[in-house]
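The values are calculated or read from the model by the stated rules, or taken from the named source; none is laboratory data. Being a predicted model, the structure only gives us computed values, none of them experimental. Every residue, glycine among them, receives a Cβ derived from its backbone with ideal geometry; neighbour counts consider all protein chains shown. Protein only, heavy atoms only, side chains kept; ligands, DNA and RNA dropped before computing areas. Shrake-Rupley method; radii C 1.70, N 1.55, O 1.52, S 1.80 Å.
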Amino acid sequence: MARISTHILDIAKGAPAAGITVELHAAGQLIRACKTNADGRTDAPLLIGDRIPAGAYELIFHVEDYLQADPPFFDRITIRFAVSDEEANYHVPLLLAPHGYSTYRGS
């Protein structure tokens, strides 16, 4: 099964980031929205199937409430990535801090 998944780690606290809304978009359409659980993960993959259509996808992480910065530095973080292998898994983690973030293609 091919899938798109994510998780969020708060690298400032050294802990998973719970309660953050994550949206998956493709071709300008919202595919799925959900919140991260206590482990910083979504309860299920954002997209799963025998094949995932090739193309551009966006993950939008709504981090403003979680970071609770005044004034906020980030309100949303958008990660745009391309699916080229329709049968592969695409795990896109977010490593989050109040004034920076990082991401990579995980396994």
* Return one whole number: the accessible area per residue of the chain in Å², for a 1.4 Å probe. => 56 Å²
* Asked: Could you give the distance between the Cα centres of the range 1-30 and the range 43-67, to the whole Å?
  -> 6 Å
* When the accessible area of the range 14-78 is split by element with a 1.4 Å probe, what percent falls to carbon and sulfur? -> 48 percent
* What per residue convex hull volume, in Å³, comes out for the range 1-61 when only alpha-carbon positions are used? -> 84 Å³
* Structure fact -> The size of the Cβ-based charge dipole (Lys, Arg +1; Asp, Glu -1) of the chain about the Cα centre, to the nearest 20 debye, is 120 debye
* For the range 78-87, 3J(HN,Hα) per residue [Karplus equation, 6.51 cos²θ - 1.76 cosθ + 1.60, θ = phi - 60°, Hz, x = Gly/Pro] -> 10, 10, 9, 8, 10, 9, 10, 9, 5, 10
* With semi-axes √(5λ) of the Cα gyration tensor in Å in mind, check (1) 24, 14, 12; (2) 22, 16, 13; (3) 27, 13, 12 and report the label derived from this structure. => (1)
* To do: Please report, in Å, the Rg and the Dmax of the range 67-107, where both are computed over Cα atoms only.
  => 13.5, 43
* Asked: If you take the beta carbon distance between Asp50 and Asp75 as r and set R0 to 25 Å, what does 1/(1 + (r/R0)^6) give as a FRET efficiency, to the nearest 0.05?
  -> 0.10
* Asked: For the chain, what is the calculated [θ] at 222 nm in deg cm²/dmol (nearest 500), taking -39500 (n - 2.57) for each run of four or more DSSP H residues and dividing by its residue count?
  -> -500 deg cm²/dmol
